[in-house]
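The values are calculated or read from the model by the stated rules, or taken from the named source; none is laboratory data. Since the structure is predicted, the reported quantities are computational estimates derived from the model, not experimental observations. Cβ atoms come from the backbone with ideal geometry, glycine included; neighbour counts cover every protein chain shown. These accessible areas exclude ligands, DNA and RNA; they are computed on the full protein's heavy atoms, side chains included. Shrake-Rupley method; radii C 1.70, N 1.55, O 1.52, S 1.80 Å.
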Number of protein chains: 2
Amino acid sequence: MIIDCHGHYTTAPKQLEEWRKRQIAELENPRHAPSKGSLGITDDEIRASLEGAQLKLQRERGTDLTIFSPRAMGMSHHIGNETTSRHWSEHCNEMIHRVCALYPENFVGVCQLPQSPGVPPKNCIPELERCVKEFAFIGCNLNPDPSGGYWKEPPLTDKWWYPLYEKMVELEVPAMVHVSASCNPCFHGTGAHYINGDTTAFMQFITADLFKDFPTLKFIIPHGGGAVPYHWGRYRGLAQDMKRPPLKELLMSNVFFDTCVYHQPGIDLLLKVIPADNILCASEMVGAVKGVDPETGFNYDDTKRYIDRIDWVSRADKEKIFHGNVDKVYPRFAKRTKR
Amino acid sequence: MIIDCHGHYTTAPKQLEEWRKRQIAELENPRHAPSKGSLGITDDEIRASLEGAQLKLQRERGTDLTIFSPRAMGMSHHIGNETTSRHWSEHCNEMIHRVCALYPENFVGVCQLPQSPGVPPKNCIPELERCVKEFAFIGCNLNPDPSGGYWKEPPLTDKWWYPLYEKMVELEVPAMVHVSASCNPCFHGTGAHYINGDTTAFMQFITADLFKDFPTLKFIIPHGGGAVPYHWGRYRGLAQDMKRPPLKELLMSNVFFDTCVYHQPGIDLLLKVIPADNILCASEMVGAVKGVDPETGFNYDDTKRYIDRIDWVSRADKEKIFHGNVDKVYPRFAKRTKR
């Protein structure tokens, strides 16, 4: 079984984006009372949005199931206030729920959290509980920078985040650490802010004792872990210079990397440096890079192909990467399968 | 000949740091007129600061010469104002000049620029000219984020930076894109901010036509190019999706990566993915990571050793990496050698 742990609903029917545009426009009107309203999207429109995109690519590439969440760029937690973010997140998550209900064999849900700059993360708990308990979602995406490129929130190891972590542990759901759009002109979204967010989070985890406080808390760092595997020696050395425990002991029971790295040498390095126990297959499709690599003739984001081509990783390790680790990182997935 | 293009004077005599502390303390006193003053450091103190550190490591590792600049973390352009930064940069650069005068066979200088948040980069020109013309320095370190982790300056491709680039082109000096200390608690300095700065700069270069405007302008992106070589497929794909020219055509005559990557698989990837014409040997010593890697028994930052161990790169390509590319990227180095 091949599971893609990182897919976004980037192809949602246009009413979703139109709703969002109206919501943002209404922020300018101080007399307007924000309301959630409805989207008016039919099941057939959802089917059409997926058939030629994610479902087609699943078939073509041999992926059985995608762990699916709202468009990451679209979360844009920096827009508006807490209510803005709550209404928008609810709609986005309900769309994912409908996708999963229509195609229960193909998709399992992960939610967007209704974060907002400066608002305590514990305020996200009701939406997380709703998604997990009512929609059977198995994880969440956590934005370490709701300011959208200005990094004004405390580090992920700060007690600011602890109430949310307590709930995640209680519900047995991991978080993918995933920034959203950058409104800082210095940072290109998918080319800089995303990758920087990954690198930043990992280094935060090195410097603090978060996983002593939460031994079962789990994070997936997407985009192949940002710069981390490429600089694995630097991170091992920094931890050592800081008299921290070895990385394996410090965080490798809690931190996992996906395989959204879009060329063979990058995937080779990832699988060489990071233990198979800490790698989850993923493509980020339909996502950051849509083109065909002229050097290979295949899509850049067809990451399964790179893993398939590696002959020095055992079959058992590849099975962990393709699906075994999902049971470990997402305990609710394992339970769902048993059901 | 082995040239290390990225060394910092991290071991300067304590008077330098003491001067800086006094300068910072005086910022609190509004009636104090800032003055440059003097450091009171003797040549023997400079010799002592290097003999057991950079010079010893050069001998042990077989490096002939280091392209040497002030401590990057120490630049801290976010502290004080333009005058603060000018006085401090002048002292730091004068220290490098004295090092190079004492050991002309071992060091060649690169300057810190007196940047300050919100201050036009063109104000750095007098110090750049002084260092190049009076001290025979061959390059500069350019901080893309003088705010120290809040990224408030325009991207490096913005016209804001053009007057400085015009002078760099006129003087034939490249810049190493190098952030300084992070005062944003989200970003660990050497573990996140440095690497993010590298990744961010590269992505900025992809999105604009800077090198059409300055065909001979050259940048070194340190720390192995941040996350870039690991995600080379992503960057090729993003450029392609954005209808930009292929990376080779777009920026590979202008952008170079150093080899500050502290483990064998990382260096392997760098040399596999990036053309030898775009790689410069470097260690960042005495720098970010000081320890010995228990997996190899050698210092993490002994990067020459990783390159030496690679048998699939031709001798000619290794010569480019070890010294040939320096002549190309730092034209004043080539002229100096001829002299």
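Residues in region B:1-45 that are closer than 22 Å to B:GLU60 by Cβ and not aliphatic (A, V, I, L, M): B:ASP4, B:CYS5, B:HIS6, B:GLY7, B:HIS8, B:TYR9, B:THR10, B:THR11. For region A:11-43, the set of residues classified as more than 17 Å from A:MET75 (Cβ to Cβ), open to solvent by less than 70 Å² (accessible area, probe 1.4 Å) and not in a loop (DSSP other than H, G, I, E, B) consists of A:GLN15, A:ALA25, A:ASP43, listed by residue number. Take region B:101-130 and flag every residue that is over 17 Å from B:MET168 (Cα atoms), crowded, with 19+ Cβ neighbours inside 10 Å and without any contact (Cβ under 8 Å) to a residue 40 or more places away in the chain. B:SER116, the sole residue that qualifies. Here the condition is being of a type outside the set (Phe, Trp, Tyr), open to solvent by less than 10 Å² (accessible area, probe 1.4 Å), facing chain B (nearest Cβ under 8 Å) and farther than 28 Å from B:PRO146 by Cβ; of A:GLY191, A:GLY224, A:GLY237, it holds for A:GLY224 alone.
For region A:136-188, the candidate set comprises residues that are within 12 Å of chain B (Cβ to nearest Cβ) and charged (D, E, K, R); within that set, the residue that is nearest to the chain's Cα centre (by Cα) is A:ASP145. Where helices (runs of 4 or more DSSP H) sit wholly within region A:221-339, those with at least 3 residues that are of a type in the set (A, V, I, L, M) occupy A:247-251, A:264-273.
Among the residues making up region B:50-78, those that are open to solvent by less than 20 Å² (accessible area, probe 1.4 Å), within 27 Å of B:VAL292 (Cβ to Cβ) and assigned to a helix (DSSP H, G or I) are B:LEU50, B:GLN54, B:LEU55, B:GLN58, B:ALA72, B:GLY74. For region B:274-300, the set of residues classified as open to solvent by less than 50 Å² (accessible area, probe 1.4 Å) and at the interface with chain A (Cβ under 8 Å from one of its Cβ atoms) consists of B:ALA288, B:VAL289, B:GLY291, B:ASP293, B:TYR300, listed by residue number.
Would you say B:LYS133 is open to solvent by 20 Å² or more (accessible area, probe 1.4 Å), closer than 26 Å to B:GLY74 by Cα, within 12 Å of chain A (Cβ to nearest Cβ) and among the basic types (Lys, Arg)? In short, no. Please verify whether B:ARG244 is basic (Lys, Arg), closer than 30 Å to B:GLU105 by Cβ and either surrounded by fewer than 24 Cβ atoms within 10 Å (Cβ to Cβ) or modelled with pLDDT under 95 (or both), treating the condition exactly as stated. So B:ARG244 does not fit the description; no.
Cβ-Cβ distances below 6 Å connect the following pairs, each with a first residue in region A:170-188 that is at pLDDT 95 or above, a second residue that is among the basic types (Lys, Arg), and a separation of six or more residues or different chains: A:GLU172/A:ARG332; A:PRO174/A:LYS218.
Of all residues in region A:240-273, those satisfying the criterion of being more than 10 Å from chain B (Cβ to nearest Cβ), under 19 Å from the mean Cα position of the chain (by Cα) and farther than 24 Å from A:ALA53 by Cα are A:LEU251, A:MET252, A:SER253, A:ASN254, A:VAL255, A:PHE256, A:PHE257.
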